[in-house]
Every structure is written in C-alpha cells, then in structure tokens.
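Note sheet for the following structure.
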Amino acid sequence: MSFIPRNPDYARRVQDSFARQGAMRHIGAEIVHLAPGEVDLALAWRSELAQQHGYFHGGVVGMLADSAGGYAAFSLMPEDASVLTVEYKMNLLAPADGARLVARGRVLKPGRTLVVSRVDVAVLREGQEHFCATLLQTLMTLAGRSDGPQG
C-alpha cells in the first residue's frame, strides 16, 4: 500500500525519535528501511539477547516488532502528534534461530486516532531469511503531544 504522510519531514522525525529510544539502543537495533507507512528494523544476534536454547528471546522479537510497527504508524502521523501502542497480538511461528533478526512494519489502516499495523519478523540464517513471527498491532495517535520526553 502507498500512503502519503501528514508530515513531509516524517523521515527525520522517525529517525530522531528512534535515536531517543534507550531500549532500541540497548539491544543494538537499527532502522534499515523507512518509507511512509513502512519501517524495517534489524538486530544482530548476541548471547545477551538469547533464551536458553540460543535463539533470539521471544521478548526481544516482540520488542523489535512493536517498534517496527509503531514507527511505521508514526511515519504517517501529523507533526504535532506522538504514537503509543495500545494493543498487539504476536504469533511466534518458528524459533528465531539466526544471525540477524529483521522486523518489517507495515501500516494496514491509517486512521485519524487509531492505526493498525502488521509486522512480519524473519531471521537470517546461512544467507537465507526464515519467517519466524507475525504481529498485528493497534496504535494510538496522541494529538498535540510531543514525541520527546514528558516533563
């Protein structure tokens, strides 16, 4: 789907907001694709992000997917708004066993107040992507609220 962002400076806003996310910085996530209604995040495997079998931990998969879908939604929001996840459902379909985790967030329905996004997650293993999770998410547009720290 192709969407027109309400803020022509959406890319800078998404990148600036992402840079302020301590959680994403802590796990080493990066933006690898950004377009109106689309954000892909990637993360290299490290033992600190793994569960007992050596796969990416499900919480890390959910964390990356939530942010990918959230930023896809944020890319379509007006300049004076912020974003907040209000609900998501994630299905873990296969172990996240690979060298790199990629979450591809795509807006399905950009409403004025609520936005619905879908995120597909894959791991890169031996040069090939393997689908491991999908997430459906609802996000709220926080009109008139800065995306920066609240004080």
HN-Hα J couplings of segment 43-49 from phi, Karplus 6.51/-1.76/1.60, θ = phi - 60°, integer Hz, Gly and Pro as x?
8, 7, 5, 9, 4, 5, 9
Pop out the ³J(HN,Hα) list for segment 96-112 in order, Karplus 6.51 cos²θ - 1.76 cosθ + 1.60 with θ = phi - 60°, rounded to Hz; leave Gly and Pro as x.
7, 9, x, 8, 8, 10, 10, 10, 10, x, 9, 6, 9, 9, x, x, 5
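Full extension from T134 to Q51: what is 0.36 nm times the residue separation minus their Cα-Cα distance, to one decimal in nm? Present the calculation step by step, with values, prior to reporting the outcome.
Working: separation 83, 0.36 × 83 = 29.88 nm, distance 1.90 nm.
So the chain would gain 28.0 nm between T134 and Q51.
Percent of accessible area on segment 1-106 owned by carbon and sulfur, 1.4 Å probe? Walk me through the intermediate numbers first.
Working: 2760 of 5190 Å².
Here carbon and sulfur together make up 53 percent of the probe-accessible area.
Heavy atoms only, probe 1.4 angstrom, no DNA, RNA or ligands counted: give me L76, L136 ranked by accessible area, highest first. Walk me through the intermediate numbers first.
Working: L76 15, L136 90 Å².
Correct descending sequence by accessible area is L136, L76.
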Which entry is the computed log10 I(q)/I(0) by the Debye sum over Cα atoms at q = 0.10, 0.13, 0.18 Å⁻¹ for this structure: [x] -0.32, -0.54, -0.99; [y] -0.36, -0.61, -1.16; [z] -0.38, -0.61, -0.99?
[x]
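Go ahead and estimate [θ] at 222 nm for the chain from helices alone: -39,500 (n - 2.57) per DSSP H run with n ≥ 4, summed, over the residue count, rounded to 500.
Numbers: 3 runs with 34 residues, N = 151.
It lands at -7000 deg cm²/dmol.
Ignoring ligands, DNA and RNA, please state the percent of accessible area on segment 108-151 from carbon and sulfur, probe 1.4 Å.
Details: 1390 of 2600 Å².
Percent of accessible area from carbon and sulfur atoms in segment 108-151: 54.
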Between the helical axis of 58-74 and the dominant principal axis of the chain, each derived from Cα atoms, what acute angle in degrees is found, rounded to the nearest 10?
30 degrees
Whole-Hz couplings from phi, Karplus 6.51/-1.76/1.60, listed for segment 9-24; x for Gly and Pro
9, 4, 5, 4, 4, 4, 5, 5, 5, 4, 5, 7, 7, x, 5, 5
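Quick one: accessible area per residue over the chain, 1.4 Å probe, rounded to a whole number of Å²? Don't jump to the answer; show the numbers that get you there.
Values: 7800 Å² over 151 residues.
So the chain comes to 52 Å² accessible per residue, rounded to a whole number.
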Cα lying deepest toward the dipole's positive end in the chain, options L139, Q21, Q52, charges on Cβ:
L139
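The values are calculated or read from the model by the stated rules, or taken from the named source; none is laboratory data. Because the structure is predicted, anything quoted here is derived from the model rather than measured. In this analysis, Cβ positions are derived from the backbone assuming ideal geometry, glycine residues included, and neighbour counts consider all displayed protein chains. These accessible areas exclude ligands, DNA and RNA; they are computed on the full protein's heavy atoms, side chains included. Shrake-Rupley method; radii C 1.70, N 1.55, O 1.52, S 1.80 Å.
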